[in-house]
Amino acid sequence: MLDVRKAAARGAVMGGTLKPLDLERLRPLLAGDEGMITAEMIFSRDEEGRFVIDVVVQADILTTCQRCLEAMPEHLSSESKLAIILTDEEAVSLPKNLDPLLLKDGLFSVWELVEDELMLAMKPFSYHETGTCKRTTMSFFDPLVKEDIAEDKPNPFNVLEQLKPGSKH
Ligand SMILES: [Zn+2]
């Protein structure tokens, strides 16, 4: 755990690399453990005396293509400026370029922060670029075929009608 106030007071710069295996919450969202994450954090105090962290995270990881369900490499990058706040109320008065980071005791885990940033940077759905995907979408939606299927299906409400007690069928 790191004391943000001390780090900010001496203008600390931290950087390092992580593997997907190091990040417990992110790992289940990935299609494999291969990959590399690099992070840099610059601690400082702004003109208002706030403790501020500039966080830059870059990651090359494997996600799942939602079209063909195969693993695909993806590059994530995120850049944020976080201001340390001690109460929820302080978040309201922050300028727009600062994201709040609530720390009751001023201590935080560097890895967890990197993980949070990556979870925010991940897209909800990833797809291979057209041409590299194993599955093409066109063959699924031939409108003529779709209509034929709909007409042949028995209407489930007609069936229910026949099963009603006292119906005159
Ligand atoms: Zn694909």
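The values are calculated or read from the model by the stated rules, or taken from the named source; none is laboratory data. All figures in this text were calculated on a predicted structure; none of them were measured in a lab. Cβ sites come from the backbone with ideal geometry, for glycine too, and all protein chains shown count toward neighbours.
More than 21 Å from S44 (Cβ to Cβ) and more than 16 Å from the ligand (Cβ to nearest atom), is that true of L86?
For L86, the condition - more than 21 Å from S44 (Cβ to Cβ) and more than 16 Å from the ligand (Cβ to nearest atom) - is not met.
Only residues that are surrounded by fewer than 16 Cβ atoms within 10 Å (Cβ to Cβ), assigned to a helix (DSSP H, G or I) and free of Cβ contacts under 8 Å to residues at least 12 places away in the same chain: list them for region 96-118, please.
The answer is E112, and nothing else.
Residues T63, T17: which one is among the hydroxyl-bearing types (S, T, Y) and within 30 Å of K134 (Cα to Cα)? Even if it seems obvious, please write down each step before you answer.
On the way: T17 fails: within 30 Å of K134 (Cα to Cα).
None of the other options fit; the residue is T63.
Yes or no: region 20-40 includes at least one residue that is within 19 Å of S109 (Cβ to Cβ) and basic (K, R).
Yes, some residue in region 20-40 is within 19 Å of S109 (Cβ to Cβ) and basic (K, R).
Of the residues that make up region 32-55, is at least one away from the ligand (no atom under 16 Å from the Cβ), among the acidic types (D, E), modelled with pLDDT of 90 or more and within 15 Å of V4 (Cβ to Cβ)? Show your work before the answer.
Going residue by residue through region 32-55, those that are away from the ligand (no atom under 16 Å from the Cβ) are 33-55.
From the residues that got through so far, the ones that are among the acidic types (D, E) too are 33-34, 40, 46-48, 54.
Next cut, modelled with pLDDT of 90 or more only: 33-34, 40, 46-48, 54.
Those still in the list that are within 15 Å of V4 (Cβ to Cβ) too: 46, 54.
Checked against the condition, which is being away from the ligand (no atom under 16 Å from the Cβ), among the acidic types (D, E), modelled with pLDDT of 90 or more and within 15 Å of V4 (Cβ to Cβ), region 32-55 yields at least one hit.
Within region 90-101, is even one residue on the phi < 0 side of the Ramachandran plot, touching a helix residue (DSSP H, G or I) at 6+ places or on another chain (Cβ under 8 Å) and within 16 Å of the ligand (Cβ to nearest atom)?
No, the conditions are met nowhere in region 90-101.
Restricting the first residue to region 24-48 and requiring it to be within 16 Å of L113 (Cβ to Cβ), which pairs with a second residue that is hydroxyl-bearing (S, T, Y) meet a Cβ separation below 9 Å and a spacing of at least six or different chains?
Every condition considered, the pairs that remain are I37/T17; T38/T17; A39/T17.
Check R67 against each of (1) assigned to a strand (DSSP E or B); (2) at pLDDT below 95 and name the one condition it does not meet.
For R67, the exception is condition (1).
Quick one: in region 28-76, which of the residues that are touching a strand residue (DSSP E or B) at 6+ places or on another chain (Cβ under 7 Å) and small (G, A, S) is surrounded by the most Cβ atoms within 10 Å (Cβ to Cβ)?
Among residues in region 28-76 that are touching a strand residue (DSSP E or B) at 6+ places or on another chain (Cβ under 7 Å) and small (G, A, S), the one surrounded by the most Cβ atoms within 10 Å (Cβ to Cβ) is A59.
Going residue by residue through region 145-165, is there one that turns out to be more than 30 Å from F43 (Cα to Cα), out of contact with any Lys or Arg (no Cβ under 8 Å at 6 or more places or on another chain), modelled with pLDDT under 80 and within 16 Å of the ligand (Cβ to nearest atom)?
no
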